[in-house]
Each structure stands twice: as C-alpha cells, then as structure tokens.
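A.B. asks: Have a look at this one before I ask anything.
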Amino acid sequence: MSASKFDTALELVTHVPGVRGAMLVSAADGVVVAEALMDEMKGSAVAALAASLASRLRRAAEGAGRGVPRFVHLTATGGTLLAAPLGDDLLLVTVAERTVNAGLARLEMFRALEILA
Amino acid sequence: MRAVEPWVVAPMESFLAESQARLCLLMTTAGQVIAQHGFVRAVDVMGVAALGAGIVASTGELARTLKWQAFSTVVHQGPQQAHLLASFDTPRGRWVGLVVFGPDTSLGLVQLFFEQLVQDLAAAAPEAPAPQPVLAANFEHELNASLRTLFGS
C-alpha cells in the first residue's frame, strides 16, 4: 500500500464539508499510520482513544452475537466521530463538526476504504 | 504501588488506572528507583532499573554519535507483552519511565497517558530540596530505607 494511496483516500473524506480531519490508525496499537488533519487537533490522542473505543465496541457487538461492526458513528456535544475498520489491522477515523452531513461522510469513507483495500 | 517520593503516588496511580499497564517503574537516569508498581522482588526491580537506565544511556549515545536528536522513547513490542521506555524532564531532574503492557491496552493509549503522567508529575513536584552530597555518610541507611519503602521488607 503506497503513501499516495493513503493521501488519495484521506482526501476523499476531508473534502466533505464539516470534516475536520481523517486518519488511518493501527487498530491494535492505536497509533497513527497516515493523517490529514485540518487544524490543531492532536492526532495521536484521537487515534489512541478511537482505536480503544472501536476495539471495545467490537467486543460488545461480538458478545451480543452481532458480528464485527462495519461502521461507528458517535455524536458528541462538540462534534462527530466516525470510524470504519479496514480488515483487522487498520481503522479509518474521521472527526467532523456536529453539523456534518454524516451520510455523505460515511459514503466517502467507504469509497476511501475501497481505494485502500 | 510503592514510591520513595510520596508526591509521585497520585499521578502514577492515575496513569496506571487509565493506561491499564501491568508494570511501571520510575527511576532517575542513574537507575535509582523512585516508584514501582507490579514488581514483586527487589532483585527484579533493581536489575530492570539498571538495564532501563543503560538502554536510555546507550540510545542517547547512539543518537549523539549519529548527530541525531536524542531519542525520548523506545518501544519494544512482543506478541503478548510490550514495553515503553521513555526519558523526560521533571523539576527534580531527568527521569526514566519503564512501562510494561499487554494486549488489554495499546501502545497509543500508553503513550497518551504517559504524556499526561509527565505533565502531572511536573505539576505535583514540590520545591527541590537543597542539593546533598552524592555519597552521603548515611548512604547505606538511605538505600535500605528506599528498598524498605519500595518492597515493604
């Protein structure tokens, strides 16, 4: 997987209005693999916490007999966090404004995952 | 958790709770143990402290030789356990942290909360005491007192 492929995939997501950043995270380690952040966001902190959240949600979904989550959508008071796994190893994480068109962001995230697959 | 310096306890307990690390050792760059969590035997912690301080010193020399900036963090990852070794500045001088963690947490989380630990230690550190001679007359007594504090024996 080339670095330019990462850039192309992340660009698809960050072009959505209201998206403040997107990153590829190592699912097991919670470490940033590639990132495209719009402002002073601390990518390493978001990566670590998002990977931890995704891992716990995965365990919860599997424990409930619902299989592996394909998409995570978290709405907070100050914004939105979206995450989607790429295989077992990577996680595509998007941080956006609360007003973002989540459907469009989700669509672009799946297109980005297709590029990276 | 046991600490020679009582003000270290709260930041380290918070770090351990957040990061879910298995073992944690704080020491000076000379290998003098400040606090430890998870080690059972004194001989283990003394050996690990000496090795950790040695790794920090040798990677520092490697960076200097290659004219690189000094490494602040070294991570070794294994299939079941990993450890993070990081040096950082405190109001009491340069310290080293050694954290051993397993698959119930992640490198990202350990790094994130270790950064917080460093900030919390800086905030919690009391005024530095007056400098004392390195080899004070009661050195052996102080060493034994530190060991008793760290291992309760």
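The values are calculated or read from the model by the stated rules, or taken from the named source; none is laboratory data. In this text the structure is predicted, and so the values were computed from the model without any measurement. No Cβ is skipped: glycine too gets one built from the backbone with ideal geometry, and neighbour counts run over all protein chains shown. Ligands, DNA and RNA are stripped out before the accessible areas are found, and what is left, the full protein with its side chains, is counted by its heavy atoms. Shrake-Rupley method; radii C 1.70, N 1.55, O 1.52, S 1.80 Å.
A.B. asks: Taking segment A:5-32, which residues are open to solvent by less than 70 Å² (accessible area, probe 1.4 Å), outside any loop (DSSP other than H, G, I, E, B) and more than 16 Å from A:E114 (Cβ to Cβ)?
C.D. replies: Across segment A:5-32, the qualifying residues are A:T14, A:V19, A:G21, A:M23, A:V25, A:S26, A:V31, A:V32.
A.B. asks: In segment B:113-122, which residues are touching a residue at least 12 places away in the same chain (Cβ under 8 Å) and open to solvent by 10 Å² or more (accessible area, probe 1.4 Å)?
C.D. replies: Scanning segment B:113-122 gives B:F113, B:F114, B:Q116, B:V118, B:D120, B:A122.
A.B. asks: Considering B:V4, B:V45, B:V9, B:V40, which residue is of a type in the set (V, I, T), modelled with pLDDT under 90 and under 21 Å from B:A123 (Cβ atoms)?
C.D. replies: None of the other options fit; the residue is B:V4.
A.B. asks: Give the residues of segment A:91-105 that are open to solvent by less than 30 Å² (accessible area, probe 1.4 Å) and either basic (K, R) or under 12 Å from A:M23 (Cβ atoms) (or both), sorted by residue number.
C.D. replies: A:L91, A:L92, A:V93, A:T94, A:V95
A.B. asks: If the Cβ limit is 6 Å and pairs must be 6+ apart or interchain, which residue in segment B:88-108 that is within 14 Å of another protein chain (Cβ to nearest Cβ) pairs with which residue that is surrounded by fewer than 20 Cβ atoms within 10 Å (Cβ to Cβ) and among the β-branched types (V, I, T)?
C.D. replies: So the pair list comes out as B:L107/A:V31; B:G108/A:V31.
A.B. asks: Run down A:A9, A:A54, A:A22, A:A34 and say which single residue is within 11 Å of A:V95 (Cα to Cα) and touching a residue at least 12 places away in the same chain (Cβ under 8 Å).
C.D. replies: That would be A:A22, the only listed residue that is within 11 Å of A:V95 (Cα to Cα) and touching a residue at least 12 places away in the same chain (Cβ under 8 Å).
A.B. asks: Could you tell me which numbered condition A:T77 fails, if it satisfies all but one of (1) within 11 Å of another protein chain (Cβ to nearest Cβ); (2) open to solvent by 70 Å² or more (accessible area, probe 1.4 Å); (3) of a type in the set (V, I, T)?
C.D. replies: (1)
A.B. asks: Here's another thing I want to ask about it. Check B:G60 against each of (1) more than 14 Å from chain A (Cβ to nearest Cβ); (2) closer than 22 Å to B:L121 by Cα; (3) of a type in the set (G, A, S) and name the one condition it does not meet.
C.D. replies: (2)
A.B. asks: Restricting segment A:75-117 to residues that are touching a residue at least 40 places away in the same chain (Cβ under 8 Å) and of a type in the set (D, E), which is nearest to A:A27 (Cα to Cα)?
C.D. replies: A:D89
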